[in-house]
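Novice: Let me give you the structure first, and then I'll get to my questions.
The values are calculated or read from the model by the stated rules, or taken from the named source; none is laboratory data. Keep in mind the model is a prediction, meaning the values are calculated, not measured. Counting neighbours? That spans all protein chains shown, and the Cβs are built from the backbone with ideal geometry, glycine included.
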Amino acid sequence: MKTALLLLLVAGCIDPVDPAWSLNHDHVVVARATPPRIHAGDATTLDALVAHAGGPTTVESPLSASAGRTQVTGSIIAVNAPKDVAYDTGDTPVDVLMTFARGTNRALSPVQVKKTVWLGEPADNPAMPDVTIGGAPAGDALTVPADQDVYLSTSVPAGWRVNWLTSAGQLFQDDEPTSYLHVLPADAHDGELACVIRDAEGGVVWKVWPIHAE
Amino acid sequence: MVVALLVGSRVAVAQPVSAPVHVHGHVRDAAGRPVAGAQVTIESGAASATTDRDGAYAIDAAPGASLVITAPGYALGLASPEAADAILVAEETIEVHGDPPPSVLGTAHLERADVERLPGGGNDILRALSAMPGIVDYPLPLGNSGVVIRGSSPQDSKVLVDDFEVPTLYHDVGFRSIIPVESIDSLEYIPGGFGVEVGRATSGVIELTTRAGSDTPHEQAELGAGEMSALAQGTEHGLRYTASVRRSTLDLYLPYILPPSLDLSLTTLPRYYDEQVRLDYALTSKWTLRLSSLGSDDALALYASRDRNADKRYLSETRFVRATAAATYHDDGWTAKLAASGIALDSRFERGLYQHIDQSSPSATARAEVSHTSRDTAGFADLSWRAGAETVVTEHRLDLAMPKEHIEGEPPQTVDDPMDTSVTYAGAFSTTNHAAWTSATAGLDDRVRITGGLRVDHFSRSGATELQPRGELAIGLGHGVTARVSAGAYSRPPEYQTELLAKLVPERSRQMIGGLQWDVADGVRLQGSLYYTDRDQLITRDEMTGELSNRGRGTTKGAELLAIVKRGPWFGWLTYAYSHSTRVDAPGMQMRLFDYDVPHSLNVAASYRVGRFQFGARFRLQSGLPATPVDGAIFDSDANVYYPTFGPINSVRAPTHHQLDIRIDRWFHWGPARMTQFLDIQNVYMNETAVGYFYGFDYTQRAAFRQLPILPTVGLRGEF
């Protein structure tokens, strides 16, 4: 059946949908807990990188959150792990279910997002590793040549996952540390490029650059 | 066995060259017997003549004109006034079977020539089947058999080639049937109510009979848009032979048509081969021996990335060969068939770093059947009975790590996790399925015929034994009208992943069919039937535990109409099917539609042969398939996956689809070769109806799989 789907795709019998790497599509790109691992009884702050159709990405706090023992304080939503639970068997996951507004179109129903916070030995989110764009270190704003492959690369330890997203051009191998960006003449030449990294411990880091193709 | 040889002899050519000449000729068959009633037509249609009882004809024709010869049961022949004593070799082989004609109401029997002239069939068996009443017409093959009959599941129906099952009817690449139309003699579509000699199916059966060798040597080669093939047949020292081989050509041009924007790296270009060999030899006047082979080999390997990342690798290889030896004895009403068949099947599938299937399943079948037909016996007008037995031994060697197999009614596996290996198995087990059957048919008088029989299947994997009584009552009502009522029990064992669980027992069905068959005139038949099928022990998965069990029940009810016209140059085909298939997956659960429930299906086709051309058109209309809607999704941020939440199962339906197909055939001579050229175009007015739905990565966008907008198939065949 997968062969069938592939050949159907080749034959053009499938309606197009926005790819997962598109930042020009209302969706939650990634949720983050800061820090992702805490002692029982400590707090962590939750937010998410949200992509918007036709607009830049934003970092947003959840509209609501719930877990077995979640507390909400003011505009900050934190997971307060209870001290009365024994965690002598090592790290314990607490699944936090949140709702976020999906992009700028508030008429759309909010999206539910699950993020796991780990109780045990504390750990921070990872630091953003070096990223090269077209063979050169990425600056704060990117300018790339149009209508040719632009090499995107970063280096992460084994077990970490990398996702590239953009609102300008097409991405290939968007879930590999090495990816390609190709801005066709018909594509938007201005937008954003994002690199999202998930480590093996629940940590998250991202970087978003404004990008221009010429 | 009669092989047609049309002979136009002693064609006199008069002078002057430009004036019409009076042509005399004869049409004979392979044995030199005259063919009476053959139509000889000047290509322009200016004049025609009919052969007399001696096969002779006379016609006035201009020098250089082509004479087209047609006769029922024979292939089209060509002659010209200049080609005196020309011998025209017909391709048609007409096999006279010792078995009685199919007695099941609703059966559609098509000769090879019928399949070839069916518009929209593209000279392919699988596509031609879409014209049958009760077949779910879908742009892709469904399940391993490739077909769904009467709205049930793909596993419920079987495809038999010369009485033996084939593991699949189609190539993974290109979805062409594993047997080219040129290699079959006929196709019989039995949507239900089949006899005791066929088992391990709970819906319908498709029986393909391969093509026997002709009396005279005959070769042909064909080049199509996606494949090329060659076939040779003839008789040498009493040995009739047919051998054909086919290869896809997709791999030759695919690299040039793939858009460069595809994130794809093909390492083994998609290709397939298949072969068919059949040898027939008359050992004595009573014994005939048949050896046959049928094989298929598909391969495809690619990386869904430019850099050939190992986690984006995809490989699919399937190859099998079935070899069969069969001996048949005929003598004074007695028929005995002894057959042994073996199949070697190897299949390999790999996806990414974790998912794989490595399967080797050699299987051997021994089958014996005896039948006897007599007249005026024991007070019956005629009496026939049959008894047979069959044993199928299969050794399954399997190394598997895959997601859970999709079970009928489950929502599609929308979360595509290449690391999902929920089902793992490494080992071997064997299955032995025994079957025995007997039935008797008696003509109570000239109008009433009754058939009763029993089939017993024993499945060693589960230890289950199924008793399946089947019977039919046929009453002649006069004026060519026959009323028929049949009922029977059927079963099929678990297959694929469900076969791994020895606790699962066979699924069962009970079918009741009633209707009328009207032989309106020679070559014109009309059938109408109502049916009801009750199913139980359906394999379902528990929503909470994920366990498989036989707790499902289901019913299918419907009506089918089939009208066939084969008269002179006309071929007409009309089918309409109504079906309603529902099931309950476990006691207390809500009733729902089967995945392939199709309420309405209509096919109207007509084909007309004139001169060297044949024109055909076919209109089809079919209800859309049910689908399960997605209500929303939850984003698991750590896994970077949106998990959908579903609405009621199969509670929405794709829109009704209709399309028009056309076909043009042309015959001509090219040197010593008789050439056939065809153009078959599906979906002429490009109706791109949605046939199914899928969702974007976050389930906020619903998109459709659509019918191919237009699909032309061209072919050129040379016969020597």
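Novice: In the list A:TYR180, A:TYR151, which residue meets the criterion of being farther than 23 Å from A:LEU63 by Cβ, within 14 Å of another protein chain (Cβ to nearest Cβ) and either buried (at least 18 other Cβ atoms within 10 Å of the Cβ) or at pLDDT below 90 (or both)? It would help to see each step written out before you state the result.
Specialist: Values: A:TYR151 fails: either buried (at least 18 other Cβ atoms within 10 Å of the Cβ) or at pLDDT below 90 (or both).
It is A:TYR180.
Novice: Could you list, in sequence order, all residues of segment B:230-280 that are of a type in the set (Gly, Ala, Ser) and farther than 20 Å from B:LEU300 by Cβ? Steps first, please.
Specialist: Pass one, segment B:230-280, residues of a type in the set (Gly, Ala, Ser): B:230, B:232, B:234, B:238, B:243-244, B:248, B:261, B:265.
Once the filter is applied, which keeps residues that are of a type in the set (Gly, Ala, Ser) and farther than 20 Å from B:LEU300 by Cβ, segment B:230-280 yields B:ALA230, B:ALA232, B:GLY234, B:GLY238, B:ALA243, B:SER244, B:SER261.
Novice: Give the residues of segment B:536-546 that are of a type in the set (D, E, K, R) and surrounded by fewer than 12 Cβ atoms within 10 Å (Cβ to Cβ), sorted by residue number. Spell out the reasoning first.
Specialist: The first filter runs over segment B:536-546 and keeps only residues of a type in the set (D, E, K, R), leaving B:536, B:541-543.
Answer for segment B:536-546, where residues must be of a type in the set (D, E, K, R) and surrounded by fewer than 12 Cβ atoms within 10 Å (Cβ to Cβ): just B:GLU543.
Novice: Consider B:ASP185 carefully, then state whether it is under 17 Å from the mean Cα position of the chain (by Cα), surrounded by fewer than 20 Cβ atoms within 10 Å (Cβ to Cβ) and either farther than 25 Å from B:THR394 by Cα or at pLDDT below 90 (or both). Give the derivation first.
Specialist: Working: under 17 Å from the mean Cα position of the chain (by Cα): yes; surrounded by fewer than 20 Cβ atoms within 10 Å (Cβ to Cβ): yes; either farther than 25 Å from B:THR394 by Cα or at pLDDT below 90 (or both): yes.
For B:ASP185, the condition - under 17 Å from the mean Cα position of the chain (by Cα), surrounded by fewer than 20 Cβ atoms within 10 Å (Cβ to Cβ) and either farther than 25 Å from B:THR394 by Cα or at pLDDT below 90 (or both) - is met.
Novice: Could you look through segment A:13-34, keep only residues that are at pLDDT below 90 and assigned to a loop (DSSP other than H, G, I, E, B), and pick out the one that is farthest from the other protein chains (Cβ to nearest Cβ)? Talk me through it step by step, then tell me what you get.
Specialist: If we filter segment A:13-34 for residues that are at pLDDT below 90, which is where we start, we get A:13-17.
When the remaining residues are screened for being assigned to a loop (DSSP other than H, G, I, E, B), the result is A:13, A:15-17.
Working: A:CYS13: 5, A:ASP15: 4, A:PRO16: 7, A:VAL17: 4 Å.
By that ranking, first place goes to A:PRO16.
Novice: I've got another one for you. Please work out which residue is farthest from B:GLY552 (Cα to Cα), limiting yourself to segment B:484-522 and to residues that are more than 27 Å from the chain's Cα centre (by Cα) and surrounded by 17 or more Cβ atoms within 10 Å (Cβ to Cβ).
Specialist: Among residues in segment B:484-522 that are more than 27 Å from the chain's Cα centre (by Cα) and surrounded by 17 or more Cβ atoms within 10 Å (Cβ to Cβ), the one farthest from B:GLY552 (Cα to Cα) is B:LEU500.
Novice: For B:GLY546, work out the one condition from (1) under 27 Å from B:ASP585 (Cβ atoms); (2) without any contact (Cβ under 8 Å) to a residue 24 or more places away in the chain it doesn't fulfil.
Specialist: Against the list (1) under 27 Å from B:ASP585 (Cβ atoms); (2) without any contact (Cβ under 8 Å) to a residue 24 or more places away in the chain, B:GLY546 comes up short only on (2).
Novice: Here is a further query. Would you mind finding the one in B:SER203, B:SER285 that is at pLDDT 85 or above and within 19 Å of the chain's Cα centre (by Cα)? Quick ask: steps written out before the conclusion?
Specialist: Values: B:SER285 fails: within 19 Å of the chain's Cα centre (by Cα).
Going through B:SER203, B:SER285 in turn, just one is at pLDDT 85 or above and within 19 Å of the chain's Cα centre (by Cα): B:SER203.
Novice: Now for a different question. Among all residue pairs at least 6 apart or on different chains, which show Cβ distances below 6 Å where the first residue, located in segment A:27-53, is in contact (Cβ under 8 Å) with a residue 12 or more places away in the chain and the second is of a type in the set (Phe, Trp, Tyr) and part of a strand (DSSP E or B)?
Specialist: Going by the 6 Å Cβ cut-off, the qualifying pairs are A:VAL28/A:PHE100; A:VAL28/B:PHE635; A:ARG37/A:TRP118; A:ALA48/A:PHE100; A:LEU49/A:TRP206.
Novice: Which condition does B:LEU258 not pass, out of (1) surrounded by fewer than 18 Cβ atoms within 10 Å (Cβ to Cβ); (2) in contact (Cβ under 8 Å) with a residue 12 or more places away in the chain, if it passes all the others?
Specialist: Single failed check for B:LEU258: (2).
Novice: For segment A:112-122, which positions are within 14 Å of another protein chain (Cβ to nearest Cβ) and among the hydrophobic types (A, V, I, L, M, F, W, C)?
Specialist: The answer is A:VAL113, A:VAL117, A:TRP118.
Novice: Among the numbered conditions (1) at pLDDT 85 or above; (2) more than 9 Å from every other protein chain (Cβ to nearest Cβ), tell me where A:PRO82 comes up short.
Specialist: (1)
Novice: Right, another one. Checking the structure you have, find out if any residue of segment B:319-335 is under 22 Å from B:ALA426 (Cα atoms) and in a strand (DSSP E or B).
Specialist: In the first step, residues of segment B:319-335 are kept if they are under 22 Å from B:ALA426 (Cα atoms); the result is B:319-320.
Narrowing further to those that are in a strand (DSSP E or B): B:319-320.
Yes.
Novice: Counting residues that are closer than 23 Å to B:SER265 by Cβ and touching an Asp or Glu at 6+ places or on another chain (Cβ under 8 Å), which strands (runs of 3 or more DSSP E) fully inside segment A:121-214 reach at least 1? If you could, list the steps in order and put the result at the bottom.
Specialist: Details: elements: A:131-133, A:142-144, A:149-154, A:161-166, A:170-172, A:178-182, A:190-198, A:204-213.
Answer list for segment A:121-214: A:149-154, A:161-166, A:170-172, A:178-182.
Novice: Name the one entry in A:THR154, A:THR178, A:THR143 that is within 19 Å of B:LEU264 (Cβ to Cβ), touching a residue at least 24 places away in the same chain (Cβ under 8 Å) and out of contact with any Gly (no Cβ under 7 Å at 6 or more places or on another chain).
Specialist: Matching residue, one of A:THR154, A:THR178, A:THR143: A:THR178.
For every residue, the table says whether it meets (1) crowded, with 20+ Cβ neighbours inside 10 Å; (2) within 14 Å of another protein chain (Cβ to nearest Cβ); (3) small (Gly, Ala, Ser); (4) closer than 27 Å to B:ARG367 by Cα.
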{"position": "B:ALA131", "(1), (2), (3), (4)": "yes, no, yes, no"}
{"position": "B:ILE149", "(1), (2), (3), (4)": "yes, no, no, yes"}
{"position": "B:THR168", "(1), (2), (3), (4)": "yes, yes, no, yes"}
{"position": "B:ASP172", "(1), (2), (3), (4)": "yes, yes, no, no"}
{"position": "B:GLY192", "(1), (2), (3), (4)": "yes, no, yes, yes"}
{"position": "B:LEU223", "(1), (2), (3), (4)": "no, no, no, no"}
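Novice: Sticking with this one: In the set B:SER265, B:SER316, B:SER305, B:SER293, which member is surrounded by fewer than 18 Cβ atoms within 10 Å (Cβ to Cβ), within 14 Å of chain A (Cβ to nearest Cβ) and among the polar types (S, T, N, Q)?
Specialist: Numbers: B:SER316 fails: surrounded by fewer than 18 Cβ atoms within 10 Å (Cβ to Cβ); B:SER305 fails: surrounded by fewer than 18 Cβ atoms within 10 Å (Cβ to Cβ); B:SER293 fails: within 14 Å of chain A (Cβ to nearest Cβ).
The conditions single out B:SER265.
Novice: So B:ALA401 passes all but one of these: (1) of a type outside the set (S, T, N, Q); (2) within 30 Å of B:ARG313 (Cα to Cα); (3) exposed (fewer than 15 other Cβ atoms within 10 Å of the Cβ). Which condition number does it fail?
Specialist: Result: B:ALA401 passes all but (3).
Novice: Right, next: So if I check each of B:ASP346, B:ASP376, B:ASP358, which one is assigned to a strand (DSSP E or B) and modelled with pLDDT under 85?
Specialist: On the way: B:ASP346 fails: modelled with pLDDT under 85; B:ASP358 fails: modelled with pLDDT under 85.
It is B:ASP376.
Novice: Among the candidates B:SER153, B:SER186, B:SER177, single out the residue that is polar (S, T, N, Q), out of contact with any strand residue (DSSP E or B) (no Cβ under 6 Å at 6 or more places or on another chain), touching a residue at least 40 places away in the same chain (Cβ under 8 Å) and away from chain A (no Cβ under 14 Å).
Specialist: Details: B:SER186 fails: out of contact with any strand residue (DSSP E or B) (no Cβ under 6 Å at 6 or more places or on another chain); B:SER177 fails: out of contact with any strand residue (DSSP E or B) (no Cβ under 6 Å at 6 or more places or on another chain).
When all the criteria are applied, what remains is B:SER153.
Novice: Of all residues in segment B:441-461, which are more than 30 Å from the chain's Cα centre (by Cα) and crowded, with 16+ Cβ neighbours inside 10 Å?
Specialist: Residues of segment B:441-461 that are more than 30 Å from the chain's Cα centre (by Cα), as a first pass: B:442-448.
B:ALA442, B:GLY443, listed by residue number.
Novice: Could I ask something else about it? Of all the residues that make up segment A:156-176, how many are more than 10 Å from chain B (Cβ to nearest Cβ) and in contact with a strand residue (DSSP E or B) (Cβ under 9 Å, 6 or more places away or on another chain)?
Specialist: So in segment A:156-176, the residues more than 10 Å from chain B (Cβ to nearest Cβ) come out as A:156-160, A:162, A:164-169.
Filter once more, keeping what is in contact with a strand residue (DSSP E or B) (Cβ under 9 Å, 6 or more places away or on another chain): A:156, A:160, A:162, A:164-169.
Number satisfying all stated conditions: 9.
Novice: Mind checking which residues of segment B:636-673 are touching a Phe, Trp or Tyr at 6+ places or on another chain (Cβ under 9 Å), in a loop (DSSP other than H, G, I, E, B) and free of Cβ contacts under 8 Å to residues at least 60 places away in the same chain? Steps first, please.
Specialist: Initial filter on segment B:636-673 (touching a Phe, Trp or Tyr at 6+ places or on another chain (Cβ under 9 Å)): B:636, B:641-645, B:650, B:652, B:654, B:658-667, B:672-673.
When the remaining residues are screened for being in a loop (DSSP other than H, G, I, E, B), the result is B:650, B:654, B:672.
Across segment B:636-673, the qualifying residues are B:ALA654, B:PRO672.
Novice: Can you tell me how many residues in segment B:590-625 are crowded, with 16+ Cβ neighbours inside 10 Å, within 30 Å of B:GLY546 (Cα to Cα) and of a type in the set (A, V, I, L, M, F, W, C)?
Specialist: 4
Novice: Please give the strands (runs of 3 or more DSSP E) falling wholly within segment B:674-720 in which 2 or more residues are facing chain A (nearest Cβ under 10 Å). Give the derivation first.
Specialist: Working: elements: B:690-695, B:702-706, B:711-719.
Where strands (runs of 3 or more DSSP E) fall fully within segment B:674-720 and carry at least 2 residues being facing chain A (nearest Cβ under 10 Å), they are B:690-695, B:702-706.
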